[in-house]
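The values are calculated or read from the model by the stated rules, or taken from the named source; none is laboratory data. This is a predicted model, so every value here is computed, not measured. Note that each Cβ is placed from the backbone with ideal geometry, even for glycine, and that neighbours are counted across all protein chains shown.
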Amino acid sequence: MAETSVIQVRKLSTRFGKIWVHRDLDLDISAGAMVALVGGSGSGKTTLLRQLLGLLLPTQGEVRMFGEPLFGGGLDRERALRRRFGVLFQQGALFSAFNVFDNVAFQMRELKYLDEAMIHDLVMLKLDQVELLPRHAKLMPAELSGGMIKRVALARALALDPELLLLDEPTAGLDPDRSDSFVRLIRSLGEELGLTVVLVTHDLDTLAALSTRVAVLAEQRILAYGTVAEVIRTDHPFIQNFFLSERSKRILGSAGLR
Amino acid sequence: MGRHRHRTEGPQPKEAGAHIIDRITVTVAHAMSDTRIEVVAGSEAGRRVMLSGRWTLMAIGPRIDDLMRQLTTIDGHAEWDCRAVDALDSAGAMLLWRAWGRQLPATLLASQDHLRVFERVAAADRQEPLVHESLPTFHWLLSVGEQAIAVGRHLVDFLMLSGQMMLNLAKVIHHPGELPGQEISANLYKSGVRAMPVSALVGFLIGVVLSYLSALQLRQLGADVFIVDILGLGIIREIGPVLIAVLVAGRSGSAMTAQLGVMRVTEEIDALATMGVPTSLRLIFPKVVALAVAMPLLVLWIIVLALAGGMVTAQIQLDIGYQVFFDQLPKAVPVANLWIGLAKGVVFGIFVALVACHFGLRVQPNTESLSAHTTASVVTSITVVILLDAVFAILTRSIGVP
């Protein structure tokens with residue numbers, strides 16, 4: 001049933017020049033799950049995320065979102081599908097020529113059927129959701145701190161009330177304190193709005209706090225997929241290194257995941 | 001995806017105790033789901049409004065105005081029942097909130113989850129509203145003043161940049177080891193050598209066009225041989241230097257502004273400064289020196305090609321042979337004109353580079369500012385070049401004219 005599987009990746013292969021990044025990669029993410037995508041550097045995490053976003057055309061295979069293929073079927077269908085998920089880019093990717101308000105309002109205005117008063121109220125609601133104040137709406141992206149950029153980017157990602165939220169390194173570049181509060185924010189919003197969340201991360205704290213399942217990307221495919229406890233049982237150098245180092249044990253232990 | 005609006009008239013009003021008196025159902029059907037309002041007038045507690053279906057932005061879609069109108073026709077004392085709502089997102093909640101006059105109705109029946117969404121909307125509304133500052137009465141006067149101050153600031157900064165270049169020059173003369181040779185050479189290649197093909201093409205074609213137009217006039221007067229004077233004087237003294245300055249301002253000036261601008265945005269300039277590298281000596285001085293050297297050479301290059309173009313056309317149009325052209329040129333155009341042309345090249349080059357760097361260093365870290373400053377840089381350099389050309393024309397009015 002389409003409702004249960006939000007993302008379906010089937011036999012996905014990606015090639016850059018002569019290098020195969022993924023080969024016959026399969027992945028299913030069910031509705032309401034919070035999945036962390038981990039992998040060593042160069043393992044193709046970001047590439048996979050870009051495939052899910054429809055920024056890259058797969059060499060072979062297919063990505064389906066909400067049961068529908070990402071590509072084909074005309075501009076209107078593709079656009080409607082893309083409105084159902086929100087993306088938080090690593091650097092925020094805020095439009096630097098727009099202020100905070102216009103950044104969040106951008107997609108709402110693109111819909112063409114919301115009036116400005118409604119957009120204003122919705123933007124204020126989104127800013128409140130990410131714990132920003134109305135007076136922050138007038139600031140330009142260049143005037144924001146790193147943590148605020150992430151919050152505004154999150155508000156923009158949530159602008160159209162998506163069902164799926166994709167996060168690329170949500171806590172990269174934040175100090176531990178900000179990082180914790182941002183993770184808490186995403187978690188509470190995710191639960192409150194019933195979002196499916198997919199995040200790419202290499203930060204164990206984020207992973208431990210935010211994800212219910214982990215997908216380990218290595219050797220051009222999903223090597224292991226399950227809860228942390230299940231994934232750790234896989235005998236692979238990357239997994240052993242990533243999850244079973246002293247530091248990892250400490251973090252996962254304190255999060256009660258092992 | 002069609003919209004049905006059916007109005008079902010229920011049984012006629014009955015006596016007390018009847019639960020349903022009349023029923024108006026408005027269904028806004030959508031491809032995936034629908035958003036429904038049903039007004040049920042009960043007897044005791046006044047009207048009851050039953051909401052059902054999906055109250056999400058995607059489900060509501062362009063029907064939002066219709067829905068809003070439907071909702072606002074319902075009077076404020078109604079009981080609202082949202083228990084049959086399948087999905088409610090913040091846009092749906094906001095729509096209802098606005099229809100309720102920015103408050104929760106006295107009686108609202110909804111699931112826990114949906115109540116939380118309404119609370120969220122209510123909480124956001126309790127925040128201090130965003131105040132839009134109105135423009136002061138004499139804002140146009142203020143903006144004139146601001147513009148004037150901005151121009152003044154530009155001039156001061158430009159003067160400081162020029163002064164900095166003088167200091168750099170003095171430093172390099174005293175310590176030749178500090179000369180940023182590699183950067184100068186790279187800039188010479190980028191803005192000099194790489195500009196040769198395009199300036200050759202432009203120069204040759206301008207020569208052809210000028211020669212052709214002049215030939216048409218001169219033939220009527222029978223003054224064919226004066227084509228050498230016209231082309232020689234015009235190209236060497238005026239057109240060559242100005243044309244190449246415009247080309248270089250568009251080509252290298254914009255590139256310099258964009259490069260410095262992006263380096264500012266990505267904090268590369270700050271990084272250099274923290275490493276103790278004098279940024280003006282390493283980034284700006286080489287550009288100025290490179291253009292000061294490259295421009296006169298390019299002037300020479302474009303003069304040669306424009307004259308060649310003119311010569312070819314003169315031969316075809318007026319039957320003036322190449323030999324005549326070569327013989328006539330030194331007599332018609334005193335060599336002082338060439339020096340003036342080359343001097344213009346040096347001065348134009350210095351100013352194009354200085355203006356480009358000046359604007360590059362003012363770029364703010366956003367895309368809008370980058371494009372605005374690049375445009376301003378090119379427009380300003382071309383204007384400055386034309387102004388300088390006028391100054392040259394006045395200063396050299398008695399030199400090199402036969």
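Evaluate the following for A:Lys150: is it buried (at least 19 other Cβ atoms within 10 Å of the Cβ) and away from chain B (no Cβ under 12 Å)?
Working: buried (at least 19 other Cβ atoms within 10 Å of the Cβ): yes; away from chain B (no Cβ under 12 Å): yes.
Spelling it out, A:Lys150 is indeed buried (at least 19 other Cβ atoms within 10 Å of the Cβ) and away from chain B (no Cβ under 12 Å).
Applying the set (1) within 12 Å of chain A (Cβ to nearest Cβ); (2) surrounded by fewer than 16 Cβ atoms within 10 Å (Cβ to Cβ); (3) under 40 Å from the mean Cα position of the chain (by Cα); (4) acidic (Asp, Glu) to B:Glu146 leaves exactly one unmet item: (1).
Which residues, counting only those in the range B:139-194, are in a loop (DSSP other than H, G, I, E, B) and farther than 25 Å from B:Leu297 by Cβ? Answer for the range B:139-194, where residues must be in a loop (DSSP other than H, G, I, E, B) and farther than 25 Å from B:Leu297 by Cβ: just B:His175.
Close contacts from the range B:146-161, counting a first residue that is under 20 Å from B:Val289 (Cβ atoms) and a second that is in a helix (DSSP H, G or I), with Cβ to Cβ under 9 Å and a gap of 6+ residues or different chains, come to B:Phe158/B:Leu354; B:Phe158/B:Val355; B:Phe158/B:His358; B:Leu161/B:Ser280; B:Leu161/B:Ile284; B:Leu161/B:Leu354; B:Leu161/B:Cys357; B:Leu161/B:His358.
Could you tell me whether the range B:321-333 includes any residue that is within 42 Å of the chain's Cα centre (by Cα) and β-branched (Val, Ile, Thr)?
no
Exactly one residue among A:Gly40, A:Gly44, A:Gly67, A:Gly61 is more than 25 Å from A:Val228 (Cα to Cα) and either touching a Pro at 6+ places or on another chain (Cβ under 6 Å) or modelled with pLDDT under 85 (or both), and that residue is A:Gly67. Considering only residues that are surrounded by fewer than 18 Cβ atoms within 10 Å (Cβ to Cβ) and touching a residue at least 60 places away in the same chain (Cβ under 8 Å), which ones fall in the range B:373-388? Result: B:Ile386, single match. How many residues does the range B:299-312 contain that are over 14 Å from B:Arg237 (Cα atoms) and either of a type in the set (Lys, Arg) or in contact with a Ser or Thr (Cβ under 9 Å, 6 or more places away or on another chain) (or both)? The number of residues fulfilling the criteria is 5. Residue count for the range B:364-402 satisfying the condition of being modelled with pLDDT of 90 or more and not in a helix (DSSP H, G or I): 1. Residues in the range B:233-249: is at least one closer than 18 Å to B:Phe325 by Cα, free of Cβ contacts under 8 Å to residues at least 60 places away in the same chain and over 34 Å from the mean Cα position of the chain (by Cα)? So far as the range B:233-249 goes, yes, one or more of its residues are closer than 18 Å to B:Phe325 by Cα, free of Cβ contacts under 8 Å to residues at least 60 places away in the same chain and over 34 Å from the mean Cα position of the chain (by Cα).
For the range A:214-251, a residue qualifies if it is in contact (Cβ under 8 Å) with a residue 40 or more places away in the chain, surrounded by 12 or more Cβ atoms within 10 Å (Cβ to Cβ) and not in a strand (DSSP E or B), and the qualifying residues are A:Gln220, A:Phe238, A:Phe242, A:Ser248, A:Ile251. Of the residues A:Leu223, A:Leu193, A:Leu189, A:Leu204, the single one that is within 14 Å of chain B (Cβ to nearest Cβ), over 14 Å from the mean Cα position of the chain (by Cα) and at pLDDT below 85 is A:Leu193.
Annotation note: of A:Arg77, A:Arg84, the sole residue that is within 18 Å of the chain's Cα centre (by Cα), closer than 27 Å to A:Gly194 by Cβ, surrounded by fewer than 17 Cβ atoms within 10 Å (Cβ to Cβ) and not aliphatic (A, V, I, L, M) is A:Arg84. Summed over the range A:165-188, the residues that are surrounded by fewer than 21 Cβ atoms within 10 Å (Cβ to Cβ) and within 29 Å of B:Met94 (Cα to Cα) give a count of 5. Screening A:Ala117, A:Ala97 for residues that are free of Cβ contacts under 8 Å to residues at least 12 places away in the same chain, within 12 Å of chain B (Cβ to nearest Cβ) and either touching a helix residue (DSSP H, G or I) at 6+ places or on another chain (Cβ under 7 Å) or crowded, with 16+ Cβ neighbours inside 10 Å (or both) leaves exactly one candidate, A:Ala97.
For the range A:136-147, name all the residues that are within 7 Å of chain B (Cβ to nearest Cβ) and either of a type in the set (Lys, Arg) or within 26 Å of A:Glu192 (Cα to Cα) (or both). Scanning the range A:136-147 gives a single hit, A:Ala137. For A:Leu174, the criteria (1) touching a strand residue (DSSP E or B) at 6+ places or on another chain (Cβ under 7 Å); (2) more than 14 Å from chain B (Cβ to nearest Cβ); (3) not charged (D, E, K, R) hold in every case but one, which is (1). In the range A:66-85, what residues are among the hydrophobic types (A, V, I, L, M, F, W, C), within 18 Å of A:Leu56 (Cβ to Cβ) and within 14 Å of chain B (Cβ to nearest Cβ)? Scanning the range A:66-85 gives A:Leu81, A:Phe85.
It is to be established whether one or more residues within the range B:73-82 are at the interface with another protein chain (Cβ under 8 Å from one of its Cβ atoms) and on the phi < 0 side of the Ramachandran plot.
No, that holds for no residue.
Which one is modelled with the highest pLDDT, of the residues in the range B:101-115 that are of a type outside the set (A, V, I, L, M) and surrounded by 15 or more Cβ atoms within 10 Å (Cβ to Cβ)? Taking the candidates together, the pick is B:His114. Checking the structure you have, find out if any residue of the range A:55-69 is within 29 Å of B:Ala99 (Cβ to Cβ), in contact with a helix residue (DSSP H, G or I) (Cβ under 8 Å, 6 or more places away or on another chain) and either outside any loop (DSSP other than H, G, I, E, B) or of a type in the set (Val, Ile, Thr) (or both). Taking every residue of the range A:55-69 in turn, none turns out to be within 29 Å of B:Ala99 (Cβ to Cβ), in contact with a helix residue (DSSP H, G or I) (Cβ under 8 Å, 6 or more places away or on another chain) and either outside any loop (DSSP other than H, G, I, E, B) or of a type in the set (Val, Ile, Thr) (or both).
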